[in-house]
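Peer 1: I'd like to ask some things about the structure below.
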Amino acid sequence: MSESSRTSTRLPVIALLAAAGRGTRLGGPIPKAFVTLRERSLLERSLQAMLTSESVDEIIVLVSPDMESYARDLLTKRGLLDNPEGVRVRLVHGGGERADSVWAGLKAITLNDATPDAIVLIHDSARALTPPGMIARVVRKVSEGSTAVIPVLPVADTIKRVDGSTVVDTPNRAELRAVQTPQGFLLSELIAANEKFFADPNPGFIPTDDASLMEWYGAEVVCVQGDPMAFKVTTPIDMMLAQRITDEAEPTIFEVPGD
């Protein structure tokens, strides 16, 4: 998206890219966001997909304080901080938990007085092969009037609800979906939900994603089609799959989406 087409969007689009986690399940000496696939880190790939989607005006990368200098040097070297697309990219310190990181990112967003709201995307840097077209699809759905939008895929496995080692019941698989990121929201509504959550000393639940927080807040969450390539690199097996994919052919994160 050109500079003129970005500024003509109904609402500005700001992406929060979560890269502050340690990635303990993946293992390795460095945080997961900085592990490389074919000489490009997961963070670089996720950020590039956001740029290539032609859907965002600003990207806030959430990093741990001890990795800020490393991340800044890496993104500068790769031409992603000062990028040809003209998208503002900046680094903000994340928190100890993912929810804390997102809240820190939301508080770092500043809007012009003439712009009362925006669209915000929350994306895991570990979903490094996410197609740009899927990112654009989420933005488009929020632009059309939805408060909260998530990309989903059908569930292939049968799911059991258990109590210890005992099966309690089997949910109808046709009603289940696997949820991915980026998830898109109206900024004002997501901020309101976070304010309510962090002001409550006993909210009664721990949000596993931002959509679950919006559900708790009472917002309607709607779905769009996800993409198998947007899988999250969490375990060594996930990393092996991502390596095999990128060894066979570079995914389309560097191609302008057609939808």
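The values are calculated or read from the model by the stated rules, or taken from the named source; none is laboratory data. Since the structure is predicted, the reported quantities are computational estimates derived from the model, not experimental observations. Backbone-built Cβ (ideal geometry, glycine too); neighbour counts: all protein chains shown.
Peer 1: Restricting attention to the stretch 161-185, which residues are surrounded by 10 or more Cβ atoms within 10 Å (Cβ to Cβ) and under 26 Å from M134 (Cβ atoms)?
Peer 2: P171, R173, L176, R177, A178, V179, Q180, T181, P182, Q183, G184, F185
Peer 1: If P171 meets every condition in (1) in contact with a strand residue (DSSP E or B) (Cβ under 9 Å, 6 or more places away or on another chain); (2) within 29 Å of A249 (Cβ to Cβ); (3) modelled with pLDDT of 95 or more apart from one, which number is that one?
Peer 2: It is condition (2) that P171 fails.
Peer 1: Within the stretch 13-25, count every residue that is in contact with a Ser or Thr (Cβ under 7 Å, 6 or more places away or on another chain) and either modelled with pLDDT of 95 or more or crowded, with 20+ Cβ neighbours inside 10 Å (or both). Reasoning before the result, please.
Peer 2: Filtering the stretch 13-25 down to residues in contact with a Ser or Thr (Cβ under 7 Å, 6 or more places away or on another chain) leaves 13, 17-20, 25.
Next cut, either modelled with pLDDT of 95 or more or crowded, with 20+ Cβ neighbours inside 10 Å (or both) only: 13, 17-20.
Residues meeting the conditions: 5.
Peer 1: So, one more: If you scan the stretch 136-155, which residues turn out to be aliphatic (A, V, I, L, M) and either under 17 Å from the mean Cα position of the chain (by Cα) or surrounded by 24 or more Cβ atoms within 10 Å (Cβ to Cβ) (or both)?
Peer 2: Just the residues of the stretch 136-155 that are aliphatic (A, V, I, L, M), to begin with: 136, 138-139, 142, 148-150, 152-153, 155.
Listed by number, the residues that qualify are A136, V138, V139, V142, A148, V149, I150, V152, L153.
Peer 1: Is it the case that some residue within the stretch 193-205 is among the hydrophobic types (A, V, I, L, M, F, W, C), surrounded by fewer than 14 Cβ atoms within 10 Å (Cβ to Cβ) and touching a residue at least 60 places away in the same chain (Cβ under 8 Å)? Spell out how you get there, then give the answer.
Peer 2: Residues of the stretch 193-205 among the hydrophobic types (A, V, I, L, M, F, W, C): 193, 197-199, 205.
Now narrow it down to the ones that are surrounded by fewer than 14 Cβ atoms within 10 Å (Cβ to Cβ): 198-199, 205.
Checking the rest, the ones that are also touching a residue at least 60 places away in the same chain (Cβ under 8 Å) come to 198.
Yes, because at least one residue in the stretch 193-205 is among the hydrophobic types (A, V, I, L, M, F, W, C), surrounded by fewer than 14 Cβ atoms within 10 Å (Cβ to Cβ) and touching a residue at least 60 places away in the same chain (Cβ under 8 Å).
Peer 1: Please find, within the stretch 174-206, the residue that is modelled with the lowest pLDDT out of those that are small (G, A, S) and either more than 25 Å from L153 (Cβ to Cβ) or more than 18 Å from the chain's Cα centre (by Cα) (or both). Don't jump to the end; show me each part of the working.
Peer 2: The first filter runs over the stretch 174-206 and keeps only residues small (G, A, S), leaving 174, 178, 184, 188, 192-193, 199, 204.
Then keep just the ones that are either more than 25 Å from L153 (Cβ to Cβ) or more than 18 Å from the chain's Cα centre (by Cα) (or both); that gives 174, 188, 192, 199, 204.
Values: A174: 94, S188: 94, A192: 94, A199: 94, G204: 85.
Applying the filter and picking the extreme gives G204.
Peer 1: Since I59 meets every condition but one in (1) touching a residue at least 40 places away in the same chain (Cβ under 8 Å); (2) in a helix (DSSP H, G or I); (3) closer than 24 Å to L190 by Cα, which condition does it not meet?
Peer 2: (2)
Peer 1: Mind checking whether some residue in the stretch 156-163 is more than 20 Å from the chain's Cα centre (by Cα), farther than 21 Å from V179 by Cβ, modelled with pLDDT of 95 or more and among the β-branched types (V, I, T)? Lay out the reasoning, then the answer.
Peer 2: Pass one, the stretch 156-163, residues more than 20 Å from the chain's Cα centre (by Cα): 156-163.
Right, trim to farther than 21 Å from V179 by Cβ and you get 163.
Applying the additional criterion that residues be modelled with pLDDT of 95 or more yields 163.
Subset that is among the β-branched types (V, I, T): none.
For the stretch 156-163, residues more than 20 Å from the chain's Cα centre (by Cα), farther than 21 Å from V179 by Cβ, modelled with pLDDT of 95 or more and among the β-branched types (V, I, T): absent.
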